[in-house]
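Here's the structure, in structure tokens; my notes come after.
The values are calculated or read from the model by the stated rules, or taken from the named source; none is laboratory data. Because the structure is predicted, anything quoted here is derived from the model rather than measured. Glycine also receives a Cβ, built like all others from the backbone with ideal geometry; neighbour counts cover every protein chain displayed. Quick note on the areas: whole protein, heavy atoms, side chains included, nothing else; ligands and nucleic acids left out. Shrake-Rupley method; radii C 1.70, N 1.55, O 1.52, S 1.80 Å.
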Amino acid sequence: MSVDGYIDDASPERLRLSSPADFDRVDGVRAGCDAILVGAGTVRADDPRLLVRSPVRRERRAARGLPPDLVKVTLTARGDLDPQARFFTTGSAPKLVYAASDAVPGLAARLDGVAEVIDAGDPVELPVLLADLARRGIRRLMVEGGTGVHTRFLTEGLADELHLVIVPFFVGDPLAPRFVHSGVFPQDSRHPMRLAEVTRIGDLTLLRYLLRASDRG
Ligand SMILES: NC(=O)c1ccc[n+]([C@@H]2O[C@H](COP(=O)([O-])OP(=O)(O)OC[C@H]3O[C@@H](n4cnc5c(N)ncnc54)[C@H](OP(=O)(O)O)[C@@H]3O)[C@@H](O)[C@H]2O)c1
């Protein structure tokens with residue numbers, strides 16, 4: 001995020017915040033996960049691929065008996081997802097879409113052959129989604145935004161770690177998406193997170209926080 005807390009600007013084009021070195025670090029974190037999740041808003045706004053890019057990391061995953069790419073996961077209430085989005089058209093691992101019950105029939109027809117659409121109730125409950133992923137053998141899930149999804153996972157206390165990268169500029173536009181919406185976060189002034197790591201990446205800073213109550217001692 002920018003120093004003033006934004007994760008994009010308000011233009012239709014995606015704002016590239018990270019540096020090449022930080023993208024490579026993210027690639028390394030991805031390679032250590034079983035699945036990657038973004039919200040439907042990010043699929044629509046950014047059209048991300050969400051692949052492991054480094055050939056060496058892909059080979060190492062294959063050597064461990066894992067697919068080179070991560071399982072891709074998204075969630076939607078409205079069901080407005082395009083089968084031509086790169087989320088669906090790239091990568092060899094399964095794509096899972098957790099949808100609110102009403103959206104399931106239409107979405108399952110539209111995504112037939114490109115993704116599995118799972119009825120996750122109405123409203124979609126994240127613990128239900130996470131339990132289903134666990135049943136599928138997903139132990140480590142990377143959540144890569146955007147604002148709505150960050151807010152849900154963090155306010156519901158469902159993340160173990162927060163990797164926050166601060167880029168050295170301002171966005172300064174109140175219409176741009178922030179890192180999180182307002183909400184009630186378990187990690188408040190009386191229950192702060194534990195800072196486990198600070199790493200300089202050129203002029204960027206990575207702050208790695210531990211969020212579980214047990215990590216706070
Ligand atoms: N800088 C970064 O690292 C970074 C990373 C990712 C994204 N971003 C930015 O974040 C922005 C997008 O953020 P966003 O808040 O619009 O989108 P988002 O968080 O990616 O997705 C929000 C959408 O996810 C679905 N959703 C979330 N919680 C749900 C639930 N419990 N049940 C059912 N569906 C649920 C809904 O989809 P439906 O609307 O389909 O119902 C909701 O509109 C973009 O500007 C993007 O560039 C930045």
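Structure notes:
- Selection within the range 135-155 - open to solvent by 40 Å² or more (accessible area, probe 1.4 Å), more than 11 Å from the ligand (Cβ to nearest atom) and of a type in the set (A, V, I, L, M, F, W, C): LEU141
- VAL117 meets the conditions (1) under 25 Å from THR90 (Cβ atoms); (2) of a type in the set (Val, Ile, Thr); (3) in contact (Cβ under 8 Å) with a residue 60 or more places away in the chain; (4) part of a strand (DSSP E or B) in every case but one. The failed one is (3).
- If the condition is being within 18 Å of THR42 (Cβ to Cβ) and assigned to a helix (DSSP H, G or I), then the range 134-148 contributes THR147, GLY148.
- Of all residues in the range 33-77, those satisfying the criterion of being assigned to a strand (DSSP E or B) and in contact with a Phe, Trp or Tyr (Cβ under 9 Å, 6 or more places away or on another chain) are LEU37, VAL38, LYS72, VAL73, THR74, LEU75, THR76.
- If only residues of the range 24-60 that are over 16 Å from the mean Cα position of the chain (by Cα) and crowded, with 17+ Cβ neighbours inside 10 Å are counted, the one that is farthest from the ligand (Cβ to nearest atom) is ARG58.
- Search result, residues across the range 6-23 that are assigned to a loop (DSSP other than H, G, I, E, B) and either surrounded by 14 or more Cβ atoms within 10 Å (Cβ to Cβ) or near the ligand (Cβ under 8 Å from one of its atoms) (or both): ILE7, ASP8, ASP9, ARG14, LEU15, LEU17, SER18, SER19
- The range 144-188: number of residues that are in contact (Cβ under 8 Å) with a residue 60 or more places away in the chain, over 20 Å from LEU129 (Cα atoms) and of a type outside the set (Val, Ile, Thr): 12
- Among the conditions (1) surrounded by fewer than 18 Cβ atoms within 10 Å (Cβ to Cβ); (2) not in a loop (DSSP other than H, G, I, E, B), the only one that LEU158 does not satisfy is (2).
- Any chance ASP102 is more than 28 Å from ALA10 (Cβ to Cβ) and open to solvent by 40 Å² or more (accessible area, probe 1.4 Å): yes
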